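Engineer: Would you mind keeping the following structure in view while I ask a few things?
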């Protein structure tokens, strides 16, 4: 072992061993292992293990519009208290402009309003008060809406029985979900697509002309039936009680009514509900979910126990899903699904199998080719290549990276590209062997001369891979990870392991001359 | 042992630059045709960039014709395609809005429920997302090209950087042109492939440039054309070896890696061939524009 320092041999051997040992958990791949060592395995991406990726967008515009409506209601109340007449209210995209009959008390109105909505921009000019949704106020609405939505989405997903979901905010107004192993993505999308705003309203059966003209008087709203768009109800705008007062809801079955959802109110809800049902016996009470009336039964007696059932034309699944939605609570604003990628377990397994075959065949082809071209040196390079693969796998496992289908492609590509460094070295050795005869000097020069080229060549590939990671999404990131790890590992295996193997081979074979 | 490497001589003397005009004309034509193709025919954009819905199903006792008949009665813009084998079928739909798509997937699933063994995959990309993805892909490619060039500029003289830009632009345009001709689906994975090709092609170019720089120091008197020829010849067997091993791995991926990854593998195969060609026949001759030595300036 001429010229080969012991510390260097030690480093190379230990790194190789570490690479092989830490690849074991990913190769055994025991999904449920709790063992501290076996837990360090590769995570399979949704495209390989099956599951759903969903990107949801919170419909903030709806919230901004609602807030403007709230402004109008509050201004009306305040000016009624102050006994100031409103001439006109102008609702624009971003602001509400209120025209008062006189301007005497306009400052008082402004101050009272500001007490209720701190942060909005208020401006007085003559008899006009303009209330503006400024950027800061929008941001407050936005942040709280996203926070609430996240919480409710999480509850709904948990209730749906999905294991290990990943739910996180993405950008300004989006929520990203990764749901491994979901078999029925349509059901999940249904659960997420509903706002689930539940309210109870007293039905106004006296004012028939309002329904005929389709024009709700002040303080009333017209709401269609869930099952028949043409059936409409005139309801008190103010809800008697809402979903926020529910403490429990579950699917139930009633001999006469069929599948239903039974619910229970908290103390406050029970009191309100009891009071309203006591005072309105004989009238109808509409159950409104997301802008449609599910049912509007007649109040036959006061309901003071704080619980009840909602009946509709439900089947068992619908009733239990509605119960899930009511338990989780209402979303502050509707969610829209803007991207979905769902993969079934079958396709995922097929992809893994195909990727493995491609990797093995690619590996065999490259190895055979290397031996055909470089003989023994080719075989040494092949050892490096195989170790390289182990190192990639062990790095993926220890950093907890996610392996995706493009990631597998990255590994296969790395198999082809990883020998490049070896080729560069061998070609230099070949050239050097023409210039001199000292075997170890040839090898040393070969490695030294190839070094800067190897670095230059691999750094450009790394740059491309890193930018791909920065700008890429999901599965593509998996590709950039395996490619980067592959490039880094190949530099190590070529410059250190191949180097070590070549020295060992030359020492033990006691070569006096070198012909490549 | 086998010594097949003797096929390529250690110091080959092939006059690569002698034919540079022919190759230059070929490449300029290829780029022009690519530009025309891209502006007239365009790329076969997948749902990542066009938006829409894609459903992959495995079927039994049915045919693509039967499924098409069932679906086209409800949807005018539905397209079906066999994917790998006749039992696996891809269904594509264009949707105008996000809400519509959810309903579409549901109703498509209901319509063909009894013909289907498994719903293997369903993807939906909304209109806002597809344009964002396109923008981000464009951003990634541009930044990567700029970063690579900055690196080349720092490590070599600026003239080499210029040669690298010309070669890279050539590779990207030519590859896109071929993708357009072959009607290969252009997806997020294609962007990844193009970036990797850029990295690979530069890698190849850098190895030859490295040798040019070394030879410039070594042979002070040699004519530039001869010096460049020598450098290409010095690195020739490496260029061929690395391209071949990379292609071996990619062909294996193309044949055995499954239907989903096939367009990616094909794009990479095209790119590796073009990248290797351009390093030798485009990047190096471009350097002839510049005078590298003081004495050359006296000529």
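Engineer: Can you name the number of the only condition in (1) in contact (Cβ under 8 Å) with a residue 40 or more places away in the chain; (2) surrounded by fewer than 24 Cβ atoms within 10 Å (Cβ to Cβ); (3) part of a helix (DSSP H, G or I) that residue A:512 fails?
Structural biologist: (3)
Engineer: If you take the residues of region B:94-111 that are in contact with a helix residue (DSSP H, G or I) (Cβ under 6 Å, 6 or more places away or on another chain) and more than 9 Å from every other protein chain (Cβ to nearest Cβ), which of them is surrounded by the fewest Cβ atoms within 10 Å (Cβ to Cβ)?
Structural biologist: This residue is B:111.
Engineer: Consider region A:470-490. How many of its residues are away from chain B (no Cβ under 11 Å) and surrounded by fewer than 20 Cβ atoms within 10 Å (Cβ to Cβ)?
Structural biologist: 1
Engineer: Give A:506, A:495, A:467 a once-over and let me know the one that is in a helix (DSSP H, G or I) and either facing chain B (nearest Cβ under 9 Å) or within 27 Å of the chain's Cα centre (by Cα) (or both). Steps first, answer last, please.
Structural biologist: Values: A:506 fails: either facing chain B (nearest Cβ under 9 Å) or within 27 Å of the chain's Cα centre (by Cα) (or both); A:495 fails: either facing chain B (nearest Cβ under 9 Å) or within 27 Å of the chain's Cα centre (by Cα) (or both).
Exactly one of A:506, A:495, A:467 is in a helix (DSSP H, G or I) and either facing chain B (nearest Cβ under 9 Å) or within 27 Å of the chain's Cα centre (by Cα) (or both), namely A:467.
Engineer: Restricting to region A:348-370, give me the number of residues that are facing chain B (nearest Cβ under 7 Å) and either farther than 30 Å from residue A:186 by Cβ or in contact with a helix residue (DSSP H, G or I) (Cβ under 8 Å, 6 or more places away or on another chain) (or both).
Structural biologist: Looking only at that region, the number is 10.
Engineer: Quick test for you: out of B:246, B:267, B:276, pick the one residue that is within 10 Å of chain A (Cβ to nearest Cβ), surrounded by 21 or more Cβ atoms within 10 Å (Cβ to Cβ) and either touching a strand residue (DSSP E or B) at 6+ places or on another chain (Cβ under 8 Å) or touching a residue at least 24 places away in the same chain (Cβ under 8 Å) (or both). Spell out the reasoning first.
Structural biologist: Working: B:267 fails: within 10 Å of chain A (Cβ to nearest Cβ); B:276 fails: within 10 Å of chain A (Cβ to nearest Cβ).
Just a single option satisfies the conditions, and that option is B:246.
Engineer: What number of residues within region A:372-387 are assigned to a helix (DSSP H, G or I) and either surrounded by fewer than 19 Cβ atoms within 10 Å (Cβ to Cβ) or at the interface with chain B (Cβ under 7 Å from one of its Cβ atoms) (or both)? First the steps, then the outcome.
Structural biologist: Going through region A:372-387, the residues assigned to a helix (DSSP H, G or I) turn out to be A:372-374, A:376-387.
Right, trim to either surrounded by fewer than 19 Cβ atoms within 10 Å (Cβ to Cβ) or at the interface with chain B (Cβ under 7 Å from one of its Cβ atoms) (or both) and you get A:372-374, A:376, A:379, A:383, A:386.
So the count comes out to 7.
Engineer: Look through A:478, A:397, A:407 and report the one residue that is at pLDDT below 90, assigned by TED's automatic domain parsing to the domain that holds residue A:370 and under 23 Å from the mean Cα position of the chain (by Cα).
Structural biologist: Of the residues listed, the single one that is at pLDDT below 90, assigned by TED's automatic domain parsing to the domain that holds residue A:370 and under 23 Å from the mean Cα position of the chain (by Cα) is A:478.
Engineer: Looking at A:312, A:348, A:362, A:355, which one is within 19 Å of residue A:256 (Cβ to Cβ) and buried (at least 19 other Cβ atoms within 10 Å of the Cβ)?
Structural biologist: A:312
Engineer: Of the conditions (1) surrounded by 21 or more Cβ atoms within 10 Å (Cβ to Cβ); (2) part of a loop (DSSP other than H, G, I, E, B); (3) away from chain A (no Cβ under 13 Å), residue B:75 fails just one. Which one is it?
Structural biologist: If we test residue B:75 against (1) surrounded by 21 or more Cβ atoms within 10 Å (Cβ to Cβ); (2) part of a loop (DSSP other than H, G, I, E, B); (3) away from chain A (no Cβ under 13 Å), just (1) comes out false.
Engineer: State all residues of region A:181-205 that are surrounded by fewer than 19 Cβ atoms within 10 Å (Cβ to Cβ), away from every other protein chain (no Cβ under 14 Å) and closer than 19 Å to residue A:156 by Cα; if no residue qualifies, say none.
Structural biologist: Listed by number, the list holds a single entry, A:181.
Let's see how each residue does on (1) modelled with pLDDT of 85 or more; (2) in contact with a strand residue (DSSP E or B) (Cβ under 7 Å, 6 or more places away or on another chain); (3) surrounded by 14 or more Cβ atoms within 10 Å (Cβ to Cβ); (4) under 30 Å from residue A:143 (Cα atoms):
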site: A:229; (1), (2), (3), (4): no, no, no, no
site: A:275; (1), (2), (3), (4): yes, no, yes, no
site: A:278; (1), (2), (3), (4): yes, no, no, no
site: A:289; (1), (2), (3), (4): yes, yes, yes, yes
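Engineer: OK, next. Can you work out which of the residues in region A:129-150 that are in contact with a strand residue (DSSP E or B) (Cβ under 6 Å, 6 or more places away or on another chain) and outside any helix (DSSP H, G or I) is farthest from residue A:169 (Cα to Cα)?
Structural biologist: Per the criteria, the residue is A:129.
Engineer: Anything in region B:173-210 that is in a helix (DSSP H, G or I), touching a helix residue (DSSP H, G or I) at 6+ places or on another chain (Cβ under 7 Å), more than 7 Å from chain A (Cβ to nearest Cβ) and farther than 14 Å from residue B:272 by Cα? List them, or say none.
Structural biologist: Listed by number, the residues that qualify are B:177, B:180, B:181, B:191, B:208, B:209.
Engineer: While we're here: Output the residue which, of all residues in region A:151-175 that are without any contact (Cβ under 8 Å) to a residue 60 or more places away in the chain and in a strand (DSSP E or B), is farthest from residue A:244 (Cα to Cα).
Structural biologist: By that ranking, first place goes to A:166.
The values are calculated or read from the model by the stated rules, or taken from the named source; none is laboratory data. Because the structure is a prediction, the values reported are computed rather than measured. Note: ideal-geometry Cβ built from the backbone for every residue, glycine included; neighbour counts use all protein chains shown.
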